[in-house]
Amino acid sequence: MRRICSVLPDRPFQEPQRFALSPERPPAVAATRRGPVLLLRTLRAAPGLDQRGLRVLGAGDVVTQEFWAEWAAPPADLAEEALRRWLLASGRFAAVTAPGSRLRAELVLEGELTRLQAEPLAGIARASLSGLLLADGTGESRVLGQYMVEGTAPLPGGARRDGRIVPAEAAAAMSAALGEALARLERDLAAAIAPPARAPGRGR
């Protein structure tokens, strides 16, 4: 008689927990939105960040994914939407568009989500992004800046020797870490598009 083996995990069913990735932007002065139009291209995902499970960095720099705790969508997709909302709310751009928009963009931002994880041994969550800002001219693009930004946020309760996380707390900390990274990217972009300072004694 042939024996049939199950490949299903030997664990009871549990309803997955799903979390939003929506960092809160600090209150700011009302935006004027008189700047250039920015095209934000689809945010790429570093290896492993195309999966929804919450990522946890453990001993020996081994990254695992939570089985029953995940993002509501692939994290790069959520980070892209968060970045679009963040930059639009900054007031530095007249509009922040997506690929396929008919609106003529003067600037183009390409980016990649390179890290989004909880690090319980260190007691922090970490998020990082890379970005490339281009001036979209007539038929050719000019590089205005290339950036690597990172944000961190504390995990409630501090470092844990057992390397475990509370999913809801870890997701909230990762969202806060992403917010810090977005704030740093905004500052870098603002410096790149700022008009050059006039030399003393010239112009009125």
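The values are calculated or read from the model by the stated rules, or taken from the named source; none is laboratory data. Small disclaimer: the values here were computed from a predicted structure and weren't measured. All Cβ positions, glycine included, derive from the backbone under ideal geometry; neighbour counts span all protein chains shown. Side chains included, ligands, DNA and RNA excluded: accessible areas come from the protein's heavy atoms. Shrake-Rupley method; radii C 1.70, N 1.55, O 1.52, S 1.80 Å.
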Condition check: among the basic types (Lys, Arg), surrounded by 19 or more Cβ atoms within 10 Å (Cβ to Cβ) and touching a helix residue (DSSP H, G or I) at 6+ places or on another chain (Cβ under 9 Å). Does ARG44 satisfy that? no
Does the range 20-29 contain any residue that is touching a Lys or Arg at 6+ places or on another chain (Cβ under 7 Å), within 22 Å of PRO195 (Cα to Cα) and assigned to a loop (DSSP other than H, G, I, E, B)? no
Of the residues in the range 98-115, those that are surrounded by 15 or more Cβ atoms within 10 Å (Cβ to Cβ) and either out of contact with any helix residue (DSSP H, G or I) (no Cβ under 6 Å at 6 or more places or on another chain) or of a type in the set (D, E, K, R) (or both) come to ALA105, GLU106, LEU107, VAL108, LEU109, GLU110, GLY111, GLU112, THR114, ARG115
Mind telling me which of the residues ASP61, ASP50 ends up being open to solvent by 70 Å² or more (accessible area, probe 1.4 Å), touching a Pro at 6+ places or on another chain (Cβ under 6 Å) and at pLDDT 85 or above? ASP50
So which of GLY111, GLY60, GLY91 ends up being without any contact (Cβ under 8 Å) to a residue 24 or more places away in the chain and not hydroxyl-bearing (Ser, Thr, Tyr)? GLY60
With touching a residue at least 60 places away in the same chain (Cβ under 8 Å), surrounded by 19 or more Cβ atoms within 10 Å (Cβ to Cβ) and in a strand (DSSP E or B) as the only criterion, which of ALA82, ALA118 stands out? ALA118
Among the listed residues LEU38, LEU87, which satisfies the condition of being part of a helix (DSSP H, G or I) and either among the aliphatic types (A, V, I, L, M) or open to solvent by 40 Å² or more (accessible area, probe 1.4 Å) (or both)? LEU87
Considering only residues that are farther than 25 Å from GLY91 by Cβ and of a type in the set (Ser, Thr, Tyr), which ones fall in the range 135-188? THR138, THR152
Give the residues of the range 151-168 that are surrounded by fewer than 16 Cβ atoms within 10 Å (Cβ to Cβ) and either of a type in the set (Ser, Thr, Tyr) or assigned to a strand (DSSP E or B) (or both), sorted by residue number. PRO154
Looking at the range 50-79 only, could you name the residues that are β-branched (Val, Ile, Thr) and either in contact with a Ser or Thr (Cβ under 6 Å, 6 or more places away or on another chain) or part of a strand (DSSP E or B) (or both)? VAL56, VAL63, THR64
